[in-house]
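Below is one structure; the comments refer to it alone.
The values are calculated or read from the model by the stated rules, or taken from the named source; none is laboratory data. Values in this document were obtained by computation on a predicted structure and should not be read as measured data. Cβ atoms come from the backbone with ideal geometry, glycine included; neighbour counts cover every protein chain shown. Side chains included, ligands, DNA and RNA excluded: accessible areas come from the protein's heavy atoms. Shrake-Rupley method; radii C 1.70, N 1.55, O 1.52, S 1.80 Å.
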Amino acid sequence: MKMALRTDTISRPSGGSLAVTRTTAEPECLFVHGATETAEAWAPLLKYFDETGRGGAAVDLRGHGKSSGHEVLQNAGINDYVEDVLTVLSSYPRVRTLVGHSMGGLIAQLTAARADIDVLVLVASSPVDGMRADGMRMARKHPWTFIAASLRRSFRRLYDNERVARSLLFHRNTPDSVVRSFISSLQEESWRAGNEMNTLLPDPASVKCRVIVLAGAEDFMVSRQSSARTARAYNVRLEVLENCAHAIPAEAEPSVLAALIENSRP
C-alpha cells in the first residue's frame, strides 16, 4: 500500500540517533549516500519508490542530514558509518538489498561482509583498490580546487565552483537545474572518513551475496577503469548507465535505476 514518505529516528547503541527516510513500513531496500551527501541524494528514487508502492529507505549517516552528530562529524570514520548501517539493518529486518553510492559503496561493501543480505548494489562506488589513483587524476585537472580543499580539510570545498562540480560529478547533458539542486543539498564530510577511502579497503572474498556494479558512462570521479576493476573483483559484469556520470542517483531515470536494482534480486 502506498504511503507518504516518512522519517524514523533510530537510536545508535553508542549514543545519538540516525534518521531514516522510508516509503513503506517494512522496506526491503536500503540506500546509503556518499561523501558530502545526505539521504536527500536518493530523493528522486525514493519518490519513485513511493509513487509505485515499492519498499525503500535511505539513511542519513551520523553527522549528516537529519541524524545527530554534526558537531562531532570530524571524529567519524568509515567503520563508524558501517556501524550506522548495521544498526539500521537491525531495525528493518525485511531489508535484503543494500545500495551504496560513491563512499556509500565502500560502506556497503564493508557492511555486506558482516550482514545477512541477498544483494549488494554498488553505484559509482569507491573502488575496491581505493580512490588514490582517481583522486590524483582529479587533482591534476583541478589543482587549485584540490589545494584549497586540502588546506581547509574540506571535501565540501570541492564543489564551491559550479563548473568544477559539474566536471567532477555530472554528465555534460545533465540540466543545470539538476546540478544546482544536487550541489545545494551537499554538506561537509569527515576528513578522516574521506581519507580512509584510500586505506580501509573491502575484501570481495568476504562478500557472499550477489553483487551488482553500476557505473556512469562519463564518470570523472570514479573512472570506468576503476569501476571495471571492482566488477572483476566480484566476478560480475559492469553495468554502464548512459547519460550519467558520478551523480547517478540524481542523473539516472528513476524507473531505469529501480529496474536495475530490483532485477538483481534472486
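So, of the residues in the stretch 160-174 that are in contact (Cβ under 8 Å) with a residue 24 or more places away in the chain and open to solvent by 20 Å² or more (accessible area, probe 1.4 Å), which turns out to be nearest to Gln187 (Cα to Cα)?
Once the filter is applied, the top-ranked residue is Ser167.
Out of all the residues in the stretch 205-251, which are of a type in the set (Ser, Thr, Tyr) and surrounded by fewer than 16 Cβ atoms within 10 Å (Cβ to Cβ)?
Of everything in the stretch 205-251, just one residue is of a type in the set (Ser, Thr, Tyr) and surrounded by fewer than 16 Cβ atoms within 10 Å (Cβ to Cβ), namely Ser206.
Picking from Ser223, Ser184, Ser177, which residue would you name as being small (Gly, Ala, Ser), at pLDDT 95 or above and farther than 24 Å from Tyr81 by Cβ?
Ser177
Residues of the stretch 175-184 being in a helix (DSSP H, G or I) and either among the aromatic types (Phe, Trp, Tyr) or open to solvent by 50 Å² or more (accessible area, probe 1.4 Å) (or both), which ones?
Scanning the stretch 175-184 gives Asp176, Ser177, Arg180, Ser181, Phe182, Ser184.
Test of understanding: among Ser227, Ser255, which residue is within 15 Å of the chain's Cα centre (by Cα) and among the polar types (S, T, N, Q)?
Being within 15 Å of the chain's Cα centre (by Cα) and among the polar types (S, T, N, Q) holds for just one of Ser227, Ser255, which is Ser227.
Determine whether the stretch 77-91 contains at least one residue that is open to solvent by 10 Å² or more (accessible area, probe 1.4 Å), outside any helix (DSSP H, G or I) and in contact (Cβ under 8 Å) with a residue 60 or more places away in the chain.
Checked against the condition, which is being open to solvent by 10 Å² or more (accessible area, probe 1.4 Å), outside any helix (DSSP H, G or I) and in contact (Cβ under 8 Å) with a residue 60 or more places away in the chain, the stretch 77-91 yields no hits at all.
Kindly list the number of the only condition in (1) over 16 Å from Ala39 (Cβ atoms); (2) touching a helix residue (DSSP H, G or I) at 6+ places or on another chain (Cβ under 8 Å); (3) hydrophobic (A, V, I, L, M, F, W, C) that fails for Leu151.
Of (1) over 16 Å from Ala39 (Cβ atoms); (2) touching a helix residue (DSSP H, G or I) at 6+ places or on another chain (Cβ under 8 Å); (3) hydrophobic (A, V, I, L, M, F, W, C), only one is false for Leu151: (2).
Since Ser67 meets every condition but one in (1) part of a loop (DSSP other than H, G, I, E, B); (2) open to solvent by less than 10 Å² (accessible area, probe 1.4 Å); (3) in contact with a helix residue (DSSP H, G or I) (Cβ under 6 Å, 6 or more places away or on another chain); (4) not basic (Lys, Arg), which condition does it not meet?
Every condition holds for Ser67 apart from (3).
Considering Leu61, Leu110, Leu98, Leu106, which residue is of a type in the set (A, V, I, L, M, F, W, C), within 14 Å of the chain's Cα centre (by Cα) and farther than 20 Å from Val211 by Cβ?
Unique residue meeting the criteria: Leu61.
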